[in-house]
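Derivation of every value follows stated rules applied to the coordinates shown; laboratory data play no part. Worth saying up front: this structure is predicted, and the values here are computed from it rather than measured. All Cβ positions, glycine included, derive from the backbone under ideal geometry; neighbour counts span all protein chains shown.
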Amino acid sequence: MYGIIAAAGIDYQRFGREADRSDAVLELSARVASDDHEAKRQRGGRGGHRVERTTLLPRPEGAYSHAANAIGRRSCRGNNVNCQALVIRPSSLGDIVHALPIVHDLKRHRPGIEIDWVAEEQFTSLVALNRGVRRVIPLALRRWRQSLLVRNTWREFVAVRRELKLVPYDVVIDLQEQLKGALVAWLAQGPVHGPDRASIREPVATVVYRHTHRIDTRQHLIDRCRQLAGKALGYEPSGEPRFDLAPHPEPSPQESRFAVCLHATSRTDKLWPESHWRALVGELARAGMRVLLVSGNDEEAKRSVRLAEGNPAATVLARRELPALAALLARADLVCGVDTGLTHLAAALGTPTIAIFIATDPRLAGVERASKRARDVGGIGSVPTPDEISLIANDLSGGARNNRDPAR
């Protein structure tokens with residue numbers, strides 16, 4: 001993980017010039033080694049570490065008995081039952097959801113493959129809902145960057161770096177499309193696959209890849225991820241995406257029919273007008289549904305209160321952890337939300353879902369690709385009306401609770 005910090009002092013343009021790449025990589029390697037030496041000196045030469053906040057998920061017993069032999073890795077391009085794969089997709093929530101179908105594809109085309117996944121610590125519980133993932137390696141990049149001079153930060157760096165070096169992976173698939181993801185992949189043991197310079201968000205990241213692949217950027221992110229994994233392991237993805245998420249059941253399930261409204265997003269240009277939300281909440285209530293409003297911070301909670309004001313059918317929910325939110329979304333009769341991670345999660349769970357797009361293109365990241373019971377409304381510069389959403393809501397929620405997408 002030292003490479004992520006060291007990269008801040010590397011000239012990105014040098015990475016982009018073919019003649020300077022080797023020197024830039026050597027410089028980055030020297031900084032990593034220097035940082036490692038300094039961290040050991042600060043620990044007084046002691047071996048061991050203590051992880052206080054970033055907790056690594058337990059390793060299956062005996063899973064890495066071959067880890068000491070990193071030479072002569074097997075190829076994952078055949079039906080090798082001992083194939084070890086690492087997926088790099090640390091963030092964000094919606095993008096991780098879109099990447100999850102590669103787990104089903106890998107298991108289908110390479111039976112016996114073992115899959116580990118690198119994710120930001122706040123999203124590890126989501127990845128863990130997919131039983132096809134053996135182990136989730138947590139990162140805390142956002143938190144670490146705020147406390148670079150704190151000793152425990154470096155302890156956690158060391159812990160994650162050791163986890164990445166523990167297994168000689170047969171294939172490392174970087175789906176992040178950014179330099180930070182490429183550097184994480186570089187620290188792992190194994191040949192790294194990623195998009196080529198014409199197919200990636202940050203072309204500088206390709207300097208780390210041993211294998212690059214041309215991926216059509218005009219297709220949905222789900223298909224881009226599936227295509228990259230298929231090219232890395234030599235198979236052609238087919239069929240509808242399967243997310244294989246298994247949320248834990250709610251301890252006290254809702255008995256009456258209910259809808260969940262997801263009005264919050266980190267980008268203000270994605271927000272739907274509050275007057276539209278109030279009108280929609282009223283329509284859902286008149287249709288006999290309870291309306292649950294989800295919030296993630298104080299500002300969003302205040303907005304939820306404003307949207308629920310004067311409507312006895314509307315409830316402002318207390319904040320919940322991601323697994324509890326997944327369980328709630330899985331049981332909902334309808335989810336209406338802006339283009340945000342939880343909306344995409346609802347569609348992946350097979351729940352009837354309406355995604356409201358205002359500033360982004362649903363063709364590249366819409367919910368309809370995830371489920372036949374999901375609808376995309378709006379687009380860049382197009383603000384859907386409450387009446388449009390209500391008509392679709394009546395259609396999607398008209399069936400019984402059992403009328404879900406069976407392919408989830």
What does the highest-first list of 290-297, 93-100, 215-222, 153-160 look like by mean Cβ count within 10 Å?
93-100, 153-160, 290-297, 215-222
Once normalised by the length of the range 74-233, the mean sequence separation of its alpha carbon contacts under 8 Å that are 6 or more apart gives a contact order in percent of 23 percent
Identify, among T217, V127, I115, the residue whose Cα sits farthest towards the positive end of the charge dipole of the range 74-233, taking +1 on the Cβ of Lys and Arg and -1 on the Cβ of Asp and Glu, with the dipole about the Cα centre.
I115
Got a sec? Which residues in the range 267-294 would a label at E250 touch, if it sits 7 Å along Cα→Cβ and we count backbone N under 20 Å?
281-294
By how many nm would the segment from E309 to K270 grow when fully extended, if each residue of separation counts as 0.36 nm and the alpha-carbon distance is taken off?
11.8 nm
Listed highest first by mean packing, meaning other Cβ atoms within 10 Å per residue, what order do 306-315, 332-341 come in?
332-341, 306-315
Given points 7 Å out from each Cα along the Cα-Cβ axis, report the T385 to K302 separation in nanometres with one decimal.
3.1 nm
If every Lys and Arg gets +1 and every Asp and Glu gets -1 at its Cβ, then about the Cα centre the range 116-177 yields a dipole, in debye to the nearest 20, of 340 debye
What is the dipole size for the range 258-396, taken about its Cα centre, with +1 at each Lys and Arg Cβ and -1 at each Asp and Glu Cβ, in debye to the nearest 20?
300 debye
Counting residues in the range 153-261 as N, plug N into 2.2 N^0.38 Å and put the Cα Rg over that result.
1.40
What translational D, rounded to a whole number of µm²/s, comes out for the range 258-396 from Stokes-Einstein when the hydrodynamic radius is the Kirkwood one over Cα pairs, at 20 °C and 1.002 mPa s?
147 µm²/s
